[in-house]
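Engineer: Take this structure, written in structure tokens, and hold onto it; I'll ask about it next.
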Ligand code: AMP
Ligand code: GLY
């Protein structure tokens with residue numbers, strides 16, 4: 001099978017890496033890709049938001065499966081355009097991707113499906129904003145309704161900051177604060193059958209100790225030794241299957257990757273958000289642990305045949321990924337700096353640790369930073385302690401002027417395991 005992956009972040013690098021190791025995959029293309037993905041897939045330029053262009057490219061390379069990585073093309077209906085060209089596509093329709101594209105829509109689906117989530121108000125006037133902030137009290141949770149790459153949310157004890165963010169959003173949702181650790185649980189679905197993956201935890205704040213602003217994600221690990229072994233079954237029953245059933249009932253079935261961002265609160269599991277695609281950086285650790293070849297599962301989702309797939313197999317190994325971000329991320333990042341040490345990681349740390357590229361580009365012999373999150377250094381080990389050691393040993397070999405990374409990814413979980 002020939003596979004075309006759309007996107008060019010560390011998530012797509014992780015997807016391409018797994019697909020390149022799958023014997024069912026005879027040719028692998030990625031558009032637009034990045035400097036690291038070029039080592040495992042043939043890169044093609046494309047405007048990922050242009051459905052017609054993606055469908056043309058898929059036809060041209062003879063793809064038997066297209067995998068759409070990021071949310072923006074999904075919300076723009078790129079999967080619809082690929083399917084309209086008669087090519088199986090992994091990823092939801094534009095209509096179903098509203099589960100991520102509009103937080104208000106997601107709240108409506110959850111209410112209809114009786115899925116547990118934070119109580120919330122959609123506000124349209126400053127008076128409604130003040131009333132909602134007052135009703136919930138601090139800490140305040142203020143969310144922009146649209147896509148914001150994980151950066152549209154402000155959680156603060158400062159009423160003025162909460163109010164200012166609310167007034168800066170076109171449409172704003174104000175909701176109850178959820179205490180407790182967060183878990184990301186992904187499920188692959190064809191709109192009927194739901195296949196949960198293994199849970200992971202993401203680190204959203206920019207700095208150690210969960211300080212600093214929200215980011216797209218600064219690191220992740222899996223498994224979660226502290227989590228209840230029944231968590232996946234519980235979330236399947238209370239969240240994933242009801243949500244998939246509700247979207248099908250509405251005539252907009254969701255196929256692809258359903259990402260449940262969960263808070264494990266003192267009062268039970270609550271959905272913080274849904275995403276309509278693989279999470280980044282959690283995918284890097286989830287796929288590092290997946291033994292089952294990836295292509296046929298993604299094709300099963302695209303073709304509506306997941307009910308015939310055997311259960312997934314997982315390695316006992318733990319996996320940790322540490323994101324190296326540019327100077328000034330998550331503000332306007334500085335780009336164009338040379339990255340050194342990639343060869344040293346390949347020579348010294350492989351196969352237990354390896355570098356997945358996010359915002360990078362090739363410039364002659366040099367690899368340059370080209371985005372906010374630049375690299376996702378991933379490692380596996382017998383347990384989280386060993387996976388952490390290997391990941392940070394590899395991080396230490398990499399030089400990128402002004403770069404930043406967290407030093408505490410998976411630290412607490414490793415020490416408690
Ligand atoms: P979201 O874009 O909805 O995933 O929000 C980004 C991050 O903000 C989440 O991963 C949480 O860390 C935090 N957050 C969002 N909603 C809440 C909430 N209701 N209570 C506490 N933290 C939240
Ligand atoms: N890691 C958070 C996300 O992918 O949205």
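Engineer: Taking the conditions exactly as written (within 14 Å of ligand 1 (Cβ to nearest atom), touching a residue at least 24 places away in the same chain (Cβ under 8 Å), closer than 28 Å to residue 218 by Cα and surrounded by 22 or more Cβ atoms within 10 Å (Cβ to Cβ)), does residue 97 satisfy them or not?
Structural biologist: In short, no.
Engineer: Also: For segment 254-268: of the residues being away from ligand 1 (no atom under 13 Å from the Cβ) and not in a loop (DSSP other than H, G, I, E, B), which is nearest to residue 94 (Cα to Cα)?
Structural biologist: The selected residue is 256.
Engineer: So, residue 180, is that one part of a loop (DSSP other than H, G, I, E, B), touching a strand residue (DSSP E or B) at 6+ places or on another chain (Cβ under 8 Å), within 12 Å of ligand 2 (Cβ to nearest atom) and modelled with pLDDT under 95 or not?
Structural biologist: Considered against the rule, which asks whether it is part of a loop (DSSP other than H, G, I, E, B), touching a strand residue (DSSP E or B) at 6+ places or on another chain (Cβ under 8 Å), within 12 Å of ligand 2 (Cβ to nearest atom) and modelled with pLDDT under 95, residue 180 comes out as no.
For (1) within 16 Å of ligand 2 (Cβ to nearest atom); (2) without any contact (Cβ under 8 Å) to a residue 60 or more places away in the chain; (3) more than 28 Å from the chain's Cα centre (by Cα), each residue gets a yes or a no:
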residue: 125; (1), (2), (3): no, yes, yes
residue: 132; (1), (2), (3): no, yes, yes
residue: 136; (1), (2), (3): no, yes, yes
residue: 140; (1), (2), (3): no, yes, no
residue: 144; (1), (2), (3): yes, yes, no
residue: 157; (1), (2), (3): no, yes, no
residue: 161; (1), (2), (3): no, yes, no
residue: 169; (1), (2), (3): no, yes, no
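Engineer: Taking segment 1-23 as the region of interest, how many residues are more than 16 Å from ligand 2 (Cβ to nearest atom), part of a loop (DSSP other than H, G, I, E, B) and either under 22 Å from residue 47 (Cα atoms) or out of contact with any strand residue (DSSP E or B) (no Cβ under 9 Å at 6 or more places or on another chain) (or both)?
Structural biologist: Qualifying residue count for the region: 2.
Engineer: Answer with yes or no whether residue 286 is buried (at least 17 other Cβ atoms within 10 Å of the Cβ), within 20 Å of residue 392 (Cα to Cα) and away from ligand 1 (no atom under 13 Å from the Cβ).
Structural biologist: So residue 286 passes the test.
Engineer: Which numbered condition in (1) at pLDDT 95 or above; (2) surrounded by 22 or more Cβ atoms within 10 Å (Cβ to Cβ); (3) touching a strand residue (DSSP E or B) at 6+ places or on another chain (Cβ under 6 Å); (4) over 22 Å from residue 304 (Cα atoms) is the only one that residue 215 fails?
Structural biologist: Residue 215 satisfies every listed condition except (1).
Engineer: Among the residues of segment 41-73, which ones are part of a helix (DSSP H, G or I) and in contact with a helix residue (DSSP H, G or I) (Cβ under 8 Å, 6 or more places away or on another chain)?
Structural biologist: Selection gives 51, 52, 54, 55, 58, 71, 73.
Engineer: Continuing with the same structure: Within segment 225-262, track down each residue that is crowded, with 22+ Cβ neighbours inside 10 Å and within 16 Å of ligand 2 (Cβ to nearest atom).
Structural biologist: 256, 257, 258, 259, 260, 262
Engineer: Something else now. With segment 277-388 as the region, which helices (runs of 4 or more DSSP H) entirely inside it contain at least 1 residues that are farther than 22 Å from residue 186 by Cα and more than 22 Å from the chain's Cα centre (by Cα)?
Structural biologist: Ranges flagged: 342-348.
Engineer: Moving on to the next point. Which condition number does residue 98 fail, the rest of (1) over 22 Å from the mean Cα position of the chain (by Cα); (2) at pLDDT 95 or above being met?
Structural biologist: (1)
Engineer: Select from segment 204-222 the residues that are within 14 Å of ligand 1 (Cβ to nearest atom) and within 16 Å of residue 259 (Cβ to Cβ) and list them in ascending order.
Structural biologist: 204, 216, 217, 220
Engineer: Out of 101, 152, I need the residue that is in contact with a strand residue (DSSP E or B) (Cβ under 6 Å, 6 or more places away or on another chain) and closer than 29 Å to residue 234 by Cβ. Which one?
Structural biologist: 152 is the lone residue from the list that is in contact with a strand residue (DSSP E or B) (Cβ under 6 Å, 6 or more places away or on another chain) and closer than 29 Å to residue 234 by Cβ.
The values are calculated or read from the model by the stated rules, or taken from the named source; none is laboratory data. In this text, all values refer to a predicted model and were calculated from it rather than measured experimentally. Cβ: placed from backbone, ideal geometry, glycine included. Neighbour counts: every protein chain shown.
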